[in-house]
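Bear in mind these aren't lab numbers, they're just calculated from the coordinates by the rules spelled out. Because the structure is a prediction, the values reported are computed rather than measured. Counting neighbours? That spans all protein chains shown, and the Cβs are built from the backbone with ideal geometry, glycine included.
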Amino acid sequence: MAKVDQNEALFERAQKTIPGGVNSPVRAFRQVGGTPRFVAKAKGPYFWDANDKRYIDLIMSWGPMIVGHANPEVVAAVQKAAETSFSYGAPTEGEIELAERICALMPSVEQVRMVSSGTEATMSALRLARGYTGRDLIIKFEGCYHGHADSLLVKAGSGLLTFADSTQNAPSSGGVPQDLVKHTLVLPYNDVAAIEEVFKKQGDQIAAVIIEPIAGNMNLIQPSKAFLAAIRSLTAKHGAVLIYDEVMTGFRVALGGAQSLQGITPDLTCLGKVMGGGMPMAAFGGKKEIMSKLAPLGNVYQAGTLSGNPVAVAAGLKTLEIISREGFYECLTGQTEKLMTGLKAAADKNNIPFAVDSVGGMFGFYFTDHVPTSFEAVTKSNIDAFKKFFHLMLDEGVYLAPSAYEAGFTSIAHDNAVLDEIITAAENSFKKL
Ligand SMILES: Cc1ncc(COP(=O)(O)O)c(C=O)c1O
């Protein structure tokens, strides 16, 4: 009798009580097809699925697990915190320690408010920016994801003039009123002329510009220096709040986040993922002058029963302690670059158009000749080749993000032996493409 595939059995069961069988859509493998792997356990750079097959994990929970799965030091910190209850709904000293550490690592953050997800962080930062400026309009960039708050789920129309006309916006999700997205302008990433044009026309109405300072939700896309400089100077000139959404890049691309690599001082920063070490923990923070508009000091309301949760704080604090140790980012960056060089060499051997990029522990690879610089360019890469490669790698025991529009993530546990295994798997897979 054929052995039952436990992933398939679980997926079938899950779909009866959970919409699509998953609690976050991209886990469903819709872009690549096939059955999602149900995780039974994980350790270091690996996880094991319901069939007890081992995979090298190159998603690491979409970023947070930078010190490896079930890192013993983080596990011990969490266990200790859990012994004295999971939640109090009253302040703790640990929250102050975490806030102090974040402010020390990211000097643009003078004060910080903790929340439980990246979505909450960006949603709250936008409300704060609107409350602070007394304006409604926000600018986001095509291909950047900032969580699923209503006003951020907007697709752009086509053509520069349409981009600048928010009445043409189509929400990219059902259930989002047109009335809300009319306050969101969507511009192309890396397009200096587009943002200059919008500020020229509507600069006095813009509350905030929100950006992924290194985009990771349309694969990995880096901004040009000129683009960042234009955004910083235009927002400052017109009194708009610059929000760096570092939910993904914060503590992942460098200890001080993307802003430390780019030399940009944003007004507000959103954090998540790594700062909670895999626990539901996120934050937004920035200039004291802006943060003091938040309740209970100011009139911008924001709250959360589980905000600053003590178990999540313990995981976050320990993770930040580990990543602050000397040599951590040199090692992580070097290992990630080595992985990318290996993948590129394996593709070249097989004459497959393939490009790679990485910053710190975040990487992108593209089935195209050049590293793309916009959402449009990413969509022109060979998505069919990606899908085949994804499944071949999965068979080889390497778990990549199940979408060509996502960045990948390494951890400090991805050592040379693990990298060699991934590169051998890629060589085998490219041969079969
Ligand atoms: C840049 C960015 N901002 C915000 C979010 C939303 O965070 P969460 O999924 O924790 O709500 C994400 C999630 O991937 C993200 O990558």
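Expressed in nm to one decimal, what extension gain is obtained for the pair Val39 and Asp52 from 0.36 nm per residue of sequence separation less their Cα-Cα distance?
Length difference between fully extended and current span is 3.8 nm.
Per residue, the convex hull spanned by the Cα atoms of region 283-433 amounts to 175 cubic angstrom. Each label was represented as a point 7 Å from its Cα along the Cα-to-Cβ direction; for Ala2 and Val22 these points are 2.4 nm apart. Between Thr341 and Asn428, the FRET efficiency estimated from the beta carbon spacing at R0 = 25 angstrom works out to 0.90.
Remark on the chain: Rg and Dmax equal 21.5, 71 Å (Cα only).
What value, in deg cm²/dmol to 500, does the helix sum -39500 (n - 2.57) over DSSP H runs of n ≥ 4 give at 222 nm once divided by the residues of the chain?
Working: 15 runs with 167 residues, N = 433.
Here the helix-only value at 222 nm equals -11500 deg cm²/dmol.
Placing R0 at 51 angstrom, the Cβ-Cβ distance between Glu326 and Ser172 gives a FRET efficiency of 0.75 after rounding to 0.05. With each pseudo-label sitting 7 Å past Cα toward Cβ, what's the Ala236-Glu93 distance in nm, one decimal? That separation, rounded to one decimal, is 4.0 nm.
The share of Cα pairs per 10 Å bin across region 72-323, counted from zero up to the longest distance, runs 8, 32, 35, 18, 6, 1 percent.
Would you mind ranking Lys288, Lys387 by Cβ crowding within 10 Å, fewest neighbours first?
Lys288, Lys387
Other residues with beta-carbon under 15 Å from the beta-carbon of Lys41 carry, at +1 per Lys or Arg and -1 per Asp or Glu, a net charge of +1. Peptides 359-371, 114-126 ranked from most to least packed by the mean count of surrounding Cβ atoms within 10 Å: 114-126, 359-371.
Would you mind calculating the relative contact order of the chain from Cα pairs under 8 angstrom and at least 6 residues apart, reporting the percent as a whole number? Across the chain, relative contact order equals 21 percent. Summing Lys and Arg as +1 and Asp and Glu as -1 over all other residues whose Cβ lies under 12 Å from the Cβ of Pro188 gives a net charge of -3.
Per-residue Cβ neighbour counts within 10 Å put Trp48, Trp62 in the sequence Trp48, Trp62, beginning with the fewest. Between region 249-263 and region 58-77, the C-alpha centres lie 19 angstrom from each other.
Of Met106, Met275, the sequence from fewest to most neighbouring Cβ atoms within 10 angstrom is Met106, Met275.
Loop-located chymotrypsin sites (Phe, Trp or Tyr not before Pro) in region 229-320 (DSSP state other than H, G, I, E, B) with a sparse environment of at most 15 neighbouring Cβ atoms within 10 Å: Tyr301.
Projecting the Cα positions of Phe227, Gly276, His238 onto the charge dipole of region 210-283 (unit charges on Cβ atoms of Lys, Arg, Asp and Glu, taken about the Cα centre) puts Phe227 furthest along the positive direction. Comparing Cα centroids, region 221-247 and region 306-326 end up 28 angstrom apart. With the simple spin-label model, which puts each label point 7 Å out from Cα in the Cβ direction, the Ala226 to Ile383 separation comes to 3.0 nm. Relative to one another, the C-alpha centroids of region 398-433 and region 358-386 are positioned 15 Å apart.
A dipole drawn for region 282-369 from +1 and -1 charges on Cβ atoms has a positive end, and of Ala312, Ser292, Leu339 the residue lying farthest that way is Ser292. For the chain, the residue among Gly250, Gly44, Gly143 whose Cα projects farthest onto the positive side of the dipole built from Cβ charges is Gly143.
For a straight C-alpha distance cut-off of 28 angstrom, the lysines reachable from Lys237 (same-chain residues fewer than eight places away being disregarded) are Lys140, Lys155, Lys182, Lys200, Lys201, Lys225, Lys287, Lys288, Lys293.
This model, with +1 at the C-beta of Lys and Arg and -1 at the C-beta of Asp and Glu, gives region 72-323 a dipole about its Cα centre of some 320 debye.
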